[in-house]
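*Asks:* Sharing a structure below in structure tokens format, with a few things to ask.
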Amino acid sequence: MSSTTNTIVRLDGVTKRFGVTTALEDVSLSVERGEIVVLLGLSGSGKSTLLRHLDGLEVPTSGAVEVLGEQVTRLSGRRLRALRGQVGFIFQQFELVPSLTVLENVLTGALAGIRGPRLGLFSYAKARKLAALGHLDRVGLLDRAYQRADTLSGGQQQRVAIARALMQNPKVLLADEPVASLDPESSDQVMSLIREIAADEGLTVICSLHQVDLAISWADRIVGLRHGRVVLDTPTEQLSKAEVMEIYGRVATSTAELRVVQDELLAAEVVQ
Ligand SMILES: Nc1ncnc2c1ncn2[C@@H]1O[C@H](COP(=O)(O)OP(=O)(O)OP(=O)(O)O)[C@@H](O)[C@H]1O
Ligand SMILES: [Mg+2]
């Protein structure tokens, strides 16, 4: 990466087609070091697809994707794994291994940096276990280290997933609807935690959300997607809720989409 740039993520004219479906259409976007960006848009607007391109999980049909100075599409094997090691990813469904302890789940976050198979807690070096316990402390769950992951609440499980992502010492954190399965109180806790950690660690965060109010109060910048196109890209402080709602459009093209638009409007407490 050029030492003169602080650009962490750059998409240049990215189009992604799945058969006849265009998931992303000519998306160009740059994210600078330390920015906290939220992707907003209706279901199917391309949020997850965009995030997956940043981790090399999708390859664009055309256009370029650069993350931490590397052209993601040109990487494979060890170099792709090395890049992924610097990109933490958290998901709506947490993706923990339910039957493993909280500590073991966090330790799996270090697997990118370890050779050979892992055979339970004993096979991890003491330094890694101490690091994992430190991350669990950071997310407020040190006392749960030896509990099975599936005995925790949803909010606690997402905090474990954050601790697991931290095991990689990531530079970028991607979050795909990290609080969609959580109640409002747990959502606030998880989102505050992500912001605090991002500030402490100098992380760049790109997060998709469905909750407009949360996005406005939490993000530095909002990128709106509609039908795979960027229709809004503005610092949050300059945005009104009405402007954000433009992302969702007022005209629905099908009954199913209408229902989703109505849900979004209700969620944002916009009285029609
Ligand atoms: N692997 C795939 N194969 C075929 N179509 C896909 C694939 N992945 C995504 N799509 C399509 O691409 C479009 C964008 O999907 P994507 O999952 O990125 O939307 P999203 O904004 O994340 O939606 P949601 O809010 O429901 O999570 C959708 O039409 C989806 O059906
Ligand atoms: Mg999605």
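*Asks:* Can Ser208 be described as at negative phi and more than 16 Å from ligand 1 (Cβ to nearest atom)?
*Replies:* No; evaluated as a whole, the condition is false for this residue.
*Asks:* Next question, about the same structure. For the stretch 11-58, how many residues meet the condition of being crowded, with 18+ Cβ neighbours inside 10 Å, more than 16 Å from ligand 2 (Cβ to nearest atom) and either closer than 25 Å to Arg78 by Cβ or free of Cβ contacts under 8 Å to residues at least 40 places away in the same chain (or both)?
*Replies:* Qualifying residue count for the region: 3.
*Asks:* For Thr49, state whether it is over 24 Å from Met167 (Cβ atoms), more than 14 Å from the chain's Cα centre (by Cα) and within 14 Å of ligand 1 (Cβ to nearest atom).
*Replies:* It is false that Thr49 is over 24 Å from Met167 (Cβ atoms), more than 14 Å from the chain's Cα centre (by Cα) and within 14 Å of ligand 1 (Cβ to nearest atom).
*Asks:* For the stretch 91-107, state whether one or more residues are surrounded by fewer than 12 Cβ atoms within 10 Å (Cβ to Cβ), at pLDDT 85 or above and touching a helix residue (DSSP H, G or I) at 6+ places or on another chain (Cβ under 9 Å).
*Replies:* yes
*Asks:* Can you find, within the stretch 147-195, the residue that is nearest to ligand 2 (Cβ to nearest atom) among those that are in a loop (DSSP other than H, G, I, E, B) and within 14 Å of the chain's Cα centre (by Cα)?
*Replies:* If we take residues in the stretch 147-195 being in a loop (DSSP other than H, G, I, E, B) and within 14 Å of the chain's Cα centre (by Cα), then Glu177 is nearest to ligand 2 (Cβ to nearest atom).
*Asks:* Do you know which residues across the stretch 192-226 are in contact with a Gly (Cβ under 7 Å, 6 or more places away or on another chain) and open to solvent by less than 10 Å² (accessible area, probe 1.4 Å)?
*Replies:* The answer is Thr204, Gly224, Leu225.
The values are calculated or read from the model by the stated rules, or taken from the named source; none is laboratory data. Values in this document were obtained by computation on a predicted structure and should not be read as measured data. We place every Cβ from the backbone using ideal geometry, glycine too, and count neighbours over all the protein chains shown. Side chains are part of the model used for accessible areas, which takes the heavy atoms of the whole protein and leaves out ligands, DNA and RNA. Shrake-Rupley method; radii C 1.70, N 1.55, O 1.52, S 1.80 Å.
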